[in-house]
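Peer 1: So that we are looking at the same thing, I have put the structure below in structure tokens.
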Amino acid sequence: MRLVRDGADGRPRCPWPLAAPDYVDYHDVEWGRAVHGDAPLFERLCLEGFQAGLSWLTILRRRPALRAAFAAFDPAAVAAFDDDDVTRLMADPGIIRNRAKVQAVIGNARALLAMQERQGDGCLDALIWSARPARPGPRPSSLEEIPASTAESARLSAELRQHGFRFVGPITCYAAMQACGVVDDHLAGCFVTSQADGRPG
């Protein structure tokens with residue numbers, strides 16, 4: 001059972017970020033905190049898609065390069081990328097040079113713009129936050145109690161795919177939900193107090 005552990009500063013934390021300082025900062029400041037807005041949520045989905053088959057630490061360390069390469073994940077800018085941009089991206093050693101993932105980011109930007117044309121700004125925000133559980137259960141006490149996916153993430157995955165998104169399977173969607181505060185999986189006893197679902201720590 002992997003319960004909360006004291007970090008170098010004496011604060012009790014979830015155990016997974018203690019492997020690297022990059023993780024600690026991400027855990028303390030970002031993970032499980034509410035994120036809103038189509039563009040910020042688009043970025044989180046893209047980053048989680050890039051993670052498939054890799055560690056999240058790899059993505060965190062390459063996030064600045066990914067943001068630079070993908071126009072800060074501005075959906076309109078990315079949607080305008082063409083074959084020359086794909087060639088440029090595939091030659092960039094700072095990012096994850098996986099052609100399918102690169103093309104998925106571009107395709108997902110176009111899918112988001114199409115959604116916005118039909119439903120207006122904020123449509124991705126509304127869709128992702130609609131996956132928030134109606135009645136969150138008790139805060140997990142160990143990492144083993146945290147699921148890889150849920151019924152809500154499976155529904156979100158299906159809806160995103162209907163809109164033309166790729167690399168948005170149920171596991172990827174659940175990771176995005178955790179990252180954006182749609183669910184709060186900080187362990188019981190972790191010093192971080194997330195406002196995502198109001199459960200006691």
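The values are calculated or read from the model by the stated rules, or taken from the named source; none is laboratory data. Because the structure is predicted, anything quoted here is derived from the model rather than measured. Cβ: placed from backbone, ideal geometry, glycine included. Neighbour counts: every protein chain shown.
Peer 1: In the range 27-80, which helices (runs of 4 or more DSSP H) lie fully inside it and hold 3 or more residues that are in contact with a Pro (Cβ under 9 Å, 6 or more places away or on another chain)?
Peer 2: The helices (runs of 4 or more DSSP H) meeting that bar are 38-51.
Peer 1: Just checking, does the range 48-61 include any residue being farther than 20 Å from V183 by Cα, out of contact with any helix residue (DSSP H, G or I) (no Cβ under 8 Å at 6 or more places or on another chain) and either of a type in the set (A, V, I, L, M, F, W, C) or modelled with pLDDT of 95 or more (or both)?
Peer 2: yes
Peer 1: Does F81 qualify as being within 21 Å of G122 (Cα to Cα) and crowded, with 17+ Cβ neighbours inside 10 Å?
Peer 2: In short, no.
Peer 1: Continuing with the same structure: Select from the range 41-78 the residues that are surrounded by 17 or more Cβ atoms within 10 Å (Cβ to Cβ), within 18 Å of R110 (Cα to Cα) and of a type in the set (K, R) and list them in ascending order.
Peer 2: Within the range 41-78, just R44 meets the criteria.
Peer 1: Something else now. Only residues that are among the basic types (K, R) and surrounded by 14 or more Cβ atoms within 10 Å (Cβ to Cβ): list them for the range 119-147, please.
Peer 2: R132, R139
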